[in-house]
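Reviewing the structure listed below.
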Amino acid sequence: MSMSGAEVEKYYRDGHIREIAEYCESDVINTYRIWLRYELFVGRLTDAEVQASEAYLADFLGLARNWTRRIAMGSFSARNVFIRRFDITNQSSGSGADG
């Protein structure tokens, strides 16, 4: 994407909301990845923790893109995704529904 923050207002006036959202997403992702490197550099994260965070980010982005496609097609249920995620989290942590 070749957009910069200075162009957001123009994109908004021209109705290019999706492009603004993509720009913002890439900005947030890049900031997070820089932060991971900084935390590694100052010793608050290990290589393994940075790699795990990068892998989690990649998984999340893949899921988010799938959700976006499903929303556009009208076949997305946020409630069902939340319930499934909650069940998976509770099963893997060994805790029950009460925490």
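Starting from residues that are among the aromatic types (F, W, Y) and within 21 Å of E25 (Cβ to Cβ), keep the ones in the stretch 41-81 and report whichever is modelled with the highest pLDDT. Checking each candidate, the answer is Y56.
Condition check for G43 on (1) in contact (Cβ under 8 Å) with a residue 12 or more places away in the chain; (2) exposed (fewer than 11 other Cβ atoms within 10 Å of the Cβ): one failure, at (1). When the stretch 26-58 is examined, which residues are found to be in contact with a helix residue (DSSP H, G or I) (Cβ under 9 Å, 6 or more places away or on another chain) and part of a loop (DSSP other than H, G, I, E, B)? Within the stretch 26-58, R44, L45, T46 qualify.
The values are calculated or read from the model by the stated rules, or taken from the named source; none is laboratory data. This is a predicted model, so every value here is computed, not measured. Positions of Cβ are backbone-derived with ideal geometry, glycine not excepted, and every protein chain shown enters the neighbour counts.
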